[in-house]
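S.K.: Starting off with a structure, shown below.
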């Protein structure tokens, strides 16, 4: 059965999504939405989409569309997702799925009321190497420390320094370093260990009001008796390695959104490569999972569950409260 998709947003991530989704024969790109007609038409032509929309209401009313992929600025996610779900469309929404937990609860309510699937598009949850790490924890138990970083100098930062206000550093669009790229290792930690007992943080705030870089410390004293340290930056670049330490060894990897080159290093000197072959476009796995959910008529993913998305948002809210980062959506 073909699932006809519309995409909201015409950025690089949307292009990657389409290329990944087309590897599944069930996917069909039917429409493109953008506020600018010329932008929508050009993107639709590049990706062989039959229709373009510049009005969300018209998109929602299109009976031929089954599902929508949302990759608009963060501040629009909840509003657009609810509008699409109320129109009977399944929604795959880019991370962070909402600006805050109140918005997300409203999204879940809409998904339930309309009996449609809602899932956060956190690709790292589905890549084979992350699943390998999950399945290898018992080899190094008891766990003691998780450290991971995602530090990548933004191509938009020079423009920001010259006085522009690109989306990446724009408070109005609910952006910043942690929600943009730090969320990858944060999501992984919460996916592995659950709700932390305590959250601490520090950051360097930019004049625009968003975080340029920072660190988050999650403490798991009651359950795992471990600490997770997440480092993130949009104003500097790093090696972006990750490590999970246990008393019997450690698991190391490259890049906490793709989980490349995963190795097991035991205290007795044994080394084992845990990596498996992965698709070059890591979004393939989340696309297949989302299509599987639709085929099975399930409205919630057992992997990127609503509870997981909510826990991540609640930690993000705690960090923002500690760092006095307030988005306009928080006041609605």
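The values are calculated or read from the model by the stated rules, or taken from the named source; none is laboratory data. Source: prediction; values computed, not measured. Note that each Cβ is placed from the backbone with ideal geometry, even for glycine, and that neighbours are counted across all protein chains shown.
S.K.: Just to check your reading of the model, which residue among 44, 58, 40, 106 is farther than 22 Å from residue 307 by Cα and surrounded by fewer than 19 Cβ atoms within 10 Å (Cβ to Cβ)?
M.R.: 58
S.K.: Further question on the same structure: Is it the case that residue 321 is at pLDDT 95 or above and over 24 Å from residue 14 (Cβ atoms)?
M.R.: It is true that residue 321 is at pLDDT 95 or above and over 24 Å from residue 14 (Cβ atoms).
S.K.: Could you check region 244-261 and list, in sequence order, the residues that are assigned to a loop (DSSP other than H, G, I, E, B) and either surrounded by fewer than 19 Cβ atoms within 10 Å (Cβ to Cβ) or not assigned by TED's automatic domain parsing to the domain that holds residue 141 (or both)?
M.R.: 247, 248, 258
S.K.: Residues in region 128-144: is at least one more than 27 Å from residue 259 (Cβ to Cβ) and free of Cβ contacts under 8 Å to residues at least 40 places away in the same chain?
M.R.: No, there is no match, as no residue in region 128-144 is more than 27 Å from residue 259 (Cβ to Cβ) and free of Cβ contacts under 8 Å to residues at least 40 places away in the same chain.
S.K.: Just to check your reading of the model, which residue among 310, 264 is modelled with pLDDT of 95 or more, in contact with a helix residue (DSSP H, G or I) (Cβ under 7 Å, 6 or more places away or on another chain), not in a loop (DSSP other than H, G, I, E, B) and not assigned by TED's automatic domain parsing to the domain that holds residue 157?
M.R.: Only one candidate qualifies: 310.
S.K.: Answer yes or no: is there a residue in region 175-197 that is more than 19 Å from the chain's Cα centre (by Cα) and surrounded by fewer than 22 Cβ atoms within 10 Å (Cβ to Cβ).
M.R.: yes
S.K.: Continuing with the same structure: For the list (1) outside any loop (DSSP other than H, G, I, E, B); (2) more than 22 Å from residue 197 (Cα to Cα), I need the number of the one condition that residue 275 fails.
M.R.: Among (1) outside any loop (DSSP other than H, G, I, E, B); (2) more than 22 Å from residue 197 (Cα to Cα), the lone unmet condition for residue 275 is (1).
S.K.: Still on this structure, I have one more. Would you be able to say whether some residue in region 105-117 is within 13 Å of the chain's Cα centre (by Cα), assigned to a loop (DSSP other than H, G, I, E, B) and outside the structural domain of residue 268 (by TED's automatic domain parsing)?
M.R.: no
S.K.: Let me ask something additional. Working only within region 259-296, note down all residues that are farther than 17 Å from residue 129 by Cβ and free of Cβ contacts under 8 Å to residues at least 24 places away in the same chain.
M.R.: Within region 259-296, 267, 268, 269, 270, 292, 296 meet the criteria.
S.K.: Same structure again: Just give me the residues in region 279-301 being surrounded by fewer than 18 Cβ atoms within 10 Å (Cβ to Cβ) and part of a loop (DSSP other than H, G, I, E, B), in sequence order.
M.R.: 279, 280, 281, 296, 297, 298, 300
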